[in-house]
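The values are calculated or read from the model by the stated rules, or taken from the named source; none is laboratory data. Please read these numbers as outputs of a predicted model, since none were measured by experiment. Cβ placement follows ideal geometry from the backbone for every residue including glycine, while neighbour counts extend to all protein chains displayed. Surface areas here come from the heavy atoms of the whole protein model, side chains and all, with no ligands, DNA or RNA. Shrake-Rupley method; radii C 1.70, N 1.55, O 1.52, S 1.80 Å.
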Amino acid sequence: ATENRLEAMDRGTIAYLSNEWQRNSITNLPYVLTSPTIGALRDLCRERPVIVAAAGPSLTEAMPIVKRCAENAMVVAVGTALKPLVDAGVTPDLVIAVDWDVKGWAQYKGIDPAGMYLVSESVVCPKIVSLFGEKMFAFSSNALEEYNAWLASFDALPESLAVGGTVSLSALDLALRM
């Protein structure tokens, strides 16, 4: 019963947001087609720890440890952790985005992306994608089945990451693959 409710919520979200997601996906298509996929990151950190940073009280508490360890680790940040990390002098290696609307842009506005790469799906706000330009790794999700089928028809569909509820889920899925 719970699974049926979750599927219904997922279908409702897709129906409500699909027009915006399609518009963003078409705008971001050149980046998706020319960027490496997250497959290029597989096993990158077999001998190096990965720090996943998400915003919240625990990030503030952990910041001294993150700063101390960041030099010898791969730092993966979600958008809400980006400015706190940069303000503390930590440049994340990867920033993962799933934010489809322009409200998510506030997390990136004013950030210099030097030294960072974006990990993004096609539905992300185009302003975020264009900030990073070609410094992007693409992934897919189940958001737009027809779009994904179209990309797959010419072998251009990136690997997928888990999405849902929080971008931290996607960041953790990525970290486990690295």
For this session: Would you be able to tell me the number of residues in segment 112-126 that are of a type outside the set (D, E) and open to solvent by 30 Å² or more (accessible area, probe 1.4 Å)?
Result: 4
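Report yes if some residue within segment 60-71 is of a type in the set (S, T, Y) and over 13 Å from the mean Cα position of the chain (by Cα); otherwise report no.
Our first condition is that a residue be of a type in the set (S, T, Y); within segment 60-71, this holds for 60.
Keeping just the survivors that are over 13 Å from the mean Cα position of the chain (by Cα) gives 60.
Yes, segment 60-71 contains a residue that is of a type in the set (S, T, Y) and over 13 Å from the mean Cα position of the chain (by Cα).
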Exercise. Over 22 Å from D173 (Cβ atoms), in contact (Cβ under 8 Å) with a residue 24 or more places away in the chain and in contact with a Cys (Cβ under 7 Å, 6 or more places away or on another chain), is that true of V102?
Worked result: yes
Problem set entry | Residue check for K109: open to solvent by 40 Å² or more (accessible area, probe 1.4 Å) and under 19 Å from R23 (Cα atoms) | no
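If I filter segment 30-45 down to residues being in a helix (DSSP H, G or I) and in contact with an Asp or Glu (Cβ under 9 Å, 6 or more places away or on another chain), which single residue comes out as nearest to L131 (Cα to Cα)? Write out each step before concluding.
Residues of segment 30-45 that are in a helix (DSSP H, G or I), as a first pass: 30-34, 38-41.
From the residues that got through so far, the ones that are in contact with an Asp or Glu (Cβ under 9 Å, 6 or more places away or on another chain) too are 31-32, 34, 38-39.
Numbers: Y31: 11, V32: 14, T34: 16, I38: 19, G39: 22 Å.
Ranking the candidates gives Y31 first.
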For this session: Check whether at least one residue in segment 138-153 is of a type in the set (D, E), open to solvent by 40 Å² or more (accessible area, probe 1.4 Å), part of a helix (DSSP H, G or I) and on the phi < 0 side of the Ramachandran plot, and report yes or no.
Result: yes
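Being surrounded by 19 or more Cβ atoms within 10 Å (Cβ to Cβ), in contact (Cβ under 8 Å) with a residue 60 or more places away in the chain, more than 12 Å from G79 (Cβ to Cβ) and touching a strand residue (DSSP E or B) at 6+ places or on another chain (Cβ under 7 Å) narrows it down to one of V129, V167, so name that one.
Numbers: V167 fails: more than 12 Å from G79 (Cβ to Cβ).
From the options V129, V167, the qualifying one is V129.
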Exercise. Which condition breaks for F137 when tested against (1) free of Cβ contacts under 8 Å to residues at least 60 places away in the same chain; (2) in contact with a strand residue (DSSP E or B) (Cβ under 6 Å, 6 or more places away or on another chain)?
Worked result: (1)
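For segment 84-106, how many residues meet the condition of being aliphatic (A, V, I, L, M) and open to solvent by 10 Å² or more (accessible area, probe 1.4 Å)?
So the first thing to find is which residues in segment 84-106 are aliphatic (A, V, I, L, M), and the list is 85-86, 88, 90, 94-98, 102, 106.
This time we only want the ones that are open to solvent by 10 Å² or more (accessible area, probe 1.4 Å), so: 86, 88, 98, 102, 106.
So the count comes out to 5.
Please find, among G165, G115, the residue that is farther than 24 Å from C45 by Cα and more than 11 Å from the chain's Cα centre (by Cα).
G165
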Exercise. Taking segment 15-59, which residues are closer than 14 Å to Y147 by Cβ, open to solvent by 80 Å² or more (accessible area, probe 1.4 Å) and either under 17 Å from the mean Cα position of the chain (by Cα) or small (G, A, S) (or both)?
Worked result: L33
